[in-house]
Each structure stands twice: as C-alpha cells, then as structure tokens.
Amino acid sequence: KVAIKGIERELICPACKELFTHPLILPCQHNICHKCMKEILFAFEDSFGDGGSESSNQSSPRIKISSASVDRIDRTSRSGIKRNSLTPRSTLFPCPGCQRDIDLGERGMNGLFRNFTLETIVERYRQAARAAIAILCDFCKPPPQESTKSCLDCSASYCNECFKIHHPWGTVKAQHEYVGPTTNFRPKILMCPEHEMERVNMYCEICRRPVCHLCKLGGCHANHRVTTMNSAYKTLKEKLTKDIDYLISKESQVKAHITQLDLLLKETECNSERAKEEASQSFEKLFHVLEEKKTAAVMAIEASKNLRLEKLQTQIEEYQGLLENNGLVGYAQEVLKETDPSCFVQTAKQLHVRIQKATESLKSFQPAAAATFEDFVVDITKQEEILDVLSFISNGIEIPEINEERSKMYNKALISWECPGKTDLADTYVLKYQKLNREEDFVTWEEVKVCGKSKVITGLDVDSSYVFRVQGVKGSVCSPWSREVVLRMPPAPVFSFLFDDKCGYNSEHLLLNPRRTSVESRAGFPLLLGSERMQVGCYITLDYIIGDTGIAKGKHFWAFRVEAYSYLVKVGVVSSNKMQKLFHNAHDMTSPRYDQDSGHDSGSEDAFDSSQPFTLVTLGMKKFFIPTTPVAPKDPANRILPLPSCLGICLDCDKGRVGFYDAGRMKCLYECEVDCSGIMYPAFALMGGAAVHLEEAITDKYEEYNDDI
C-alpha cells in the first residue's frame, strides 16, 4: 500500500482543477487530462477562426483556462501566422501549468505519451477515497456480486466464480495477468506514438522520453544519444530513490522550515496591517494639509468677495446720488433755491467741487472692483506631477532611464532602458505608454509588466507620437518614474524587401551578404582600368541595385543605414518603365559623364531632370545633400546636412510624392514629386568605397537580444 494522503495537489489537472483523467505528458514534463488537451486545442482553433478569446472561454464549461493563457492564445491568433499546404502544421499553445508556449509538432496530441504511472496513482487515490464503495463483477447476473480481482488482459472485473468460468484451466486465458479490483486498465506494452505498431524499447537522453528503434534509425531522434529502457529505468529509479531518501532524511529540517514559514505568515499579516496603518496615516496627513489649504483658499476668496461687494455697493450708492431729486443732485437743486448771495457762495463752493468730481467719474466710468477671480486660480500642475509619482520609499531601487539610442520605432516599437548606477535591484519593471493626441484632453496610459530591460510593443498607429516611461519594482516597493521620452512611429506602414541579386546586379563591383540585406561597393581594378582610359573630362561610374519587391499603390516606408566611410551613395526610387534605361546607362565605362556640374553633389540635380529615369538624392562623406530646386537654399552650405545614423524613405504612390527622413527622429529632411505611373522599386547607387544596410524588422528576438546585452 502507498500512502496517498497529502498528495492531492499533485493529482489535480492544472486545466480543469479536477483529478487527472487519462493524463498526457507535455514536452515541458507537465501533465494534463486528455479531454482538457482536446478542449484547449479546440479553443485555440476557435480563436483563429473568430479572432478573439470569447469563444475560447465559452466553448467548454469544464475547462478553466487562465486569463494569462487566453491572452497568449489571442496574441498568437492576432499575429497572423499563415502556413501554406507545403508547410508542416505545428500546434502552439500555452501550457496550463507553467504558461510556456508548447509546440506539439505535426502529430499534435498523437505525439504525446499517456502517463500510466500517474493514472495508476490517481486510481489508488480514488479507491482510497471510496473504500466503502465496492467494485462489482462485470459478468454476474443481477444482482452482481462484489469483484475480487480484475484481469488486465480482458480489462474487466470478476468475482471468484465468474473468473473461474471465463479463465478455465488449460486455456490461454488462464495465463492472463490479474490484479486486485480496479477500474484502471492500462496496456501491458507501451507503444510509440510516432510509430503506432512499434513498442518503445529505448530512452532518448536528449529529449528525455521513451522512443522506439524506428525513431532512432530514421526519425527525429536519429542523432540523439539513447540508452536501453532497462538502463534508463535503473538509472532514473536510483536517482529518484536517492533524492526521496534525502528528502526523508531531512524531514526535521523541512518541518523547521514549515514552522519558520508559518511564523512568516503571521508576521506578514501583522506587518501588512502596520504598513496599511502607516500608509493611511501618511495620506491622512496629506488630507489634513489639503484641507488647511482648501480652507485658507476659500476664506481668501470669501474675504475678497466681501471687499469687492462693499466697494461696488458704495459705487452704486454714489451713482444713485447723481439721479434727479435724489442724493447729491437733489441736494444741489435745493441749494440753488437759496437767494442770499453770501449764504449761497458759502455752501455752493464745496458743493461745486463734489459735483465736478461726480461729473469726471461719470465721463471715465470704471467699476470699483473686478468681477473675475483669475488671481485666485489654484495651480496644482506640479502637485499633480508629484502625486502621480507618489510611491513607497525606493529602498535603493534606482530610477531607470530609457535609452533612446537603443530604442527603436519601426514596424513595432522596441523600448530599452538601463539603470545609471549599473546596479539592478528591481525584480520587474512597469512600462507605461500613451499616444500623444492633442484633440483629446485625457488619454489613458497603457501598462506592461516586463521582467527584462526591453520590451517589444505591437499595435501602435503609424505617423503617431507616443510617450514612454518606466519604473522599477521590487516586491511592493516601486522606484519613481523615469523621465518621459517621446518617440514617433514611421509615417507609413513598413515595406519589407531584400536587395535584388539578378536584375542589373553587377557582381564585379558590388558585394551582397548571404541574406541580401547589405550591399558593399568594392572600388577595385575595374574602376582603375576604366579611369586609366580617360585623359580628359570627369569620369564617374555608379553601380545600381534595386529591391526585389515593387510597389504599385499605397503609402510605404523603409529604412536603411549608410556606413560613415561611404564616399558616394544615391538613394531613392525607380520606375519599372525606366528601369532598362537606368541599367543601360549605369556601367558605360568608355564615355565621360555629361558635364552638368563639377561639384561633388552634382548628381543631386538628376532627381529633377525629366530625362533621368530615377528619383534619387545624394549621400556621402557623412553628409546629406539637399537637391537644387527653386525653393532650396541658394547657399550650398545650407543644402548640406549631417548624415543621420539611419535614413528612411516614404513613398506615397497615390499622391505621387517621395520623402527622405531621418529615421531616428522620424523627421522629414526633403520631399519632392515623383512619377508613379509604373511599378516603383527602392533604388540604390554606390561609387567607390561605400556600404548600405537595410533596417531589419523588429521581432520578439530583439527583446531577447537586448536582454542578453
């Protein structure tokens, strides 16, 4: 008998939270019910068909998929994974136990082993739980008798009499293997899921799973190190026995740790209540300060109101006195009735002064007090910023800083940060970002929890600016927020292409890398031999290369980097209608270049000469040359800009315009019209020593790479 009390948690399926039923072993070595596995895969397929996780959650009331798993399924379905008929189908889903993405390969569930050992232990647990419930004989006439044994070959239970009848002596059935009463029947031989007719007889030490001889001969385990099943059985059993004996020998130590953990539980409860009380007191202090400030502000406004009302009321009374038969005017009218000159003069002199003042105030009317209270507006901008970053004491957690040089906005956003002191005490980081929208007064922050120091963010809008900030988190303690950094997405969706190694590619002068993402101009003997034949004029040769994908409509953006040592590089677009002319003129080694200009950037006028088959701008010697146009600066020095570390081109076929950008800041350096009547291709021209590297699209591997750095 095996002690089974206290092991319930090991027998619970992480998906349905019930006892395992026909458990399967996943590649991550976790177990899951056969039925739960099917329901997860059905939910996963529904998420692809419906584009959401709602159907995934409601497709089965039995399975309880965690919100994190649902989010991962949704994220996988939204990624738009497409496979053609020639691509092997692979099933990718998050393991309910560890949340790792599990790839079941082409065979799906059929490639998983059934965990018979775990199934047997679960059956023992069930039998112990229902010890009072007997297993009845499957062959007795009603009423059935209690079974006394179960046949593993027949997969049935028998009482003593029925067993003798169905397993008579001297027959083949008499040799069947039987055990005590059970409802758990498993095959006597474990078969290979890859080769269903073959039994497993070896153990792959690399994949850590049983395999058959066909798997070793020509299957996916051909080059793996394998051992015999008996050897693996003995080795693993010895290791497991040794580890179990060690744990049992440390039982007193385990109990001591449990006691310590129990004390920590109680201490955590007490400390949390104390921390809540201290936090409440801190906020009560803030409330008290705010109440005092509020009371003072309200009292100041009330005092100002009373003073203004008093002044305005006095002014009203003064002006009412100017009315006929009322106040000052009425009094003056009575004085005019005086006939005695001496008495009249005595009174009228002072009265006349008052009348004059009233007349002047009437001509230049000005209210005695203003009705607005603009001077009493409370400015809480700084206080809001301070309260926004209000957090617990950092306890040494440094404020992270977003590294703008390593951060990148392209098809996705790659945000990287680092700690100035090179000490990383934070367990995780919280990255917040929001879109800068001047039309909306309030925009919510999006929040992402990150374990490393970089994060790839998807779903951002093109031609939009976003503000980012990050903070470190260690337990319940947070660092202040970092300085906010504003980054801008490209002006159009990213256009992906490679350098074309067929159309017009000159392998003598240009060198492509195997991935066709970089091209280098080699100034070798062909250039020297061509120059040697020229005695007069200006000799120049440009080697052109285009992208392998064209653009027919819409607005697109692509970026690239030009090496700082590059002497002369031209970048832009070329139409398919004029591509033949482009490559026909590109390598004329015998004729001198037409004399338009003797300057280095003279080729920049080519973009506006209708006879030229392309629209290009000139780069070189760490400079960006703005082409000569009527609106361009006349001074050549003002047409020369520093060469950005990363350049971008935005082509709008619908409007017939092409723009050249500083891709690091997404700032337009120059824009012009272009004829988009044909298929447009990215075009590059190099001369002398030069190199161009296409910017790679951001993937999740960027995140792993930055974390490694």
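Computed quantities for the displayed model
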{"read-out": "Failed condition for GLY170, given (1) modelled with pLDDT under 80; (2) on the phi < 0 side of the Ramachandran plot", "value": "(2)"}
{"read-out": "Filter pass, PHE44 being within 28 Å of GLU196 (Cβ to Cβ), surrounded by 19 or more Cβ atoms within 10 Å (Cβ to Cβ) and modelled with pLDDT under 70", "value": "yes"}
{"read-out": "Cβ pairs under 9 Å, 6+ apart, first in region 212-236 and within 17 Å of GLY111 (Cβ to Cβ), second exposed (fewer than 12 other Cβ atoms within 10 Å of the Cβ)", "value": "CYS215/ALA222; LYS216/ALA222; HIS221/ILE206; HIS224/ILE206"}
{"read-out": "Matching residues in region 412-438 - criterion: being part of a loop (DSSP other than H, G, I, E, B), within 14 Å of ILE402 (Cα to Cα) and modelled with pLDDT of 90 or more", "value": "none"}
{"read-out": "Residue, farthest from GLN29 (Cα to Cα), within region 98-114, restricted to residues that are open to solvent by less than 30 Å² (accessible area, probe 1.4 Å) and not in a helix (DSSP H, G or I)", "value": "GLY105"}
{"read-out": "Residue check, ILE399 open to solvent by 30 Å² or more (accessible area, probe 1.4 Å), of a type outside the set (D, E, K, R), at pLDDT 80 or above and part of a loop (DSSP other than H, G, I, E, B)", "value": "yes"}
{"read-out": "Selection within region 459-490 - charged (D, E, K, R) and either open to solvent by 50 Å² or more (accessible area, probe 1.4 Å) or more than 16 Å from the chain's Cα centre (by Cα) (or both)", "value": "ASP461, ASP463, LYS474, ARG483, GLU484, ARG488"}
{"read-out": "Selected residue [within 30 Å of TYR466 (Cβ to Cβ), surrounded by 15 or more Cβ atoms within 10 Å (Cβ to Cβ) and either of a type in the set (Ser, Thr, Tyr) or touching a residue at least 12 places away in the same chain (Cβ under 8 Å) (or both)] from ALA358, ALA413", "value": "ALA413"}
{"read-out": "Qualifying residues in region 140-182 (those that are without any contact (Cβ under 8 Å) to a residue 24 or more places away in the chain and polar (S, T, N, Q)) - the one least open to solvent (accessible area, probe 1.4 Å)", "value": "THR171"}
{"read-out": "Within region 210-322, helices (runs of 4 or more DSSP H) holding 3 or more residues that are in the same structural domain as ARG354 (by the TED database) and either of a type outside the set (Asp, Glu) or more than 44 Å from the chain's Cα centre (by Cα) (or both)", "value": "229-249, 251-320"}
{"read-out": "Subset of region 655-695 [at pLDDT 90 or above, open to solvent by 10 Å² or more (accessible area, probe 1.4 Å) and farther than 21 Å from LYS555 by Cβ]", "value": "HIS693"}
{"read-out": "Within region 621-654, considering residues that are among the small types (Gly, Ala, Ser) and at pLDDT 90 or above, the one most open to solvent (accessible area, probe 1.4 Å)", "value": "SER645"}
{"read-out": "Where a residue in region 382-401 is farther than 10 Å from CYS478 by Cβ and its partner, wherever it lies, is in a helix (DSSP H, G or I) and at pLDDT 80 or above, with Cβ under 7 Å and at least six apart", "value": "none"}
{"read-out": "Qualifying positions in region 491-521 - open to solvent by 30 Å² or more (accessible area, probe 1.4 Å), within 29 Å of LYS408 (Cα to Cα) and not in a strand (DSSP E or B)", "value": "PRO493, SER496, LEU498, ASP501, ASN513, PRO514, ARG515, ARG516"}
{"read-out": "Test: residue in region 320-330 that is loosely packed, with under 10 Cβ neighbours inside 10 Å and polar (S, T, N, Q)", "value": "yes"}
{"read-out": "Neighbours by Cβ (under 8 Å, 6+ apart or cross-chain): first from region 107-136, modelled with pLDDT of 75 or more; second open to solvent by 60 Å² or more (accessible area, probe 1.4 Å) and in a helix (DSSP H, G or I)", "value": "MET109/HIS34; MET109/LYS38; ARG114/HIS34; TYR125/GLU8"}
{"read-out": "Members of region 357-385 found to be at pLDDT below 80 and assigned to a helix (DSSP H, G or I), listed by number", "value": "LYS357, ALA358, THR359, GLU360, SER361, LEU362, LYS363, GLU385"}
{"read-out": "Where GLU198 falls short, out of the listed (1) touching a helix residue (DSSP H, G or I) at 6+ places or on another chain (Cβ under 6 Å); (2) closer than 20 Å to PRO27 by Cα", "value": "(2)"}
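The values are calculated or read from the model by the stated rules, or taken from the named source; none is laboratory data. In this text the structure is predicted, and so the values were computed from the model without any measurement. Every residue, glycine among them, receives a Cβ derived from its backbone with ideal geometry; neighbour counts consider all protein chains shown. Surface accessibility is based on the protein's heavy atoms, side chains included, excluding ligands, DNA and RNA. Shrake-Rupley method; radii C 1.70, N 1.55, O 1.52, S 1.80 Å.
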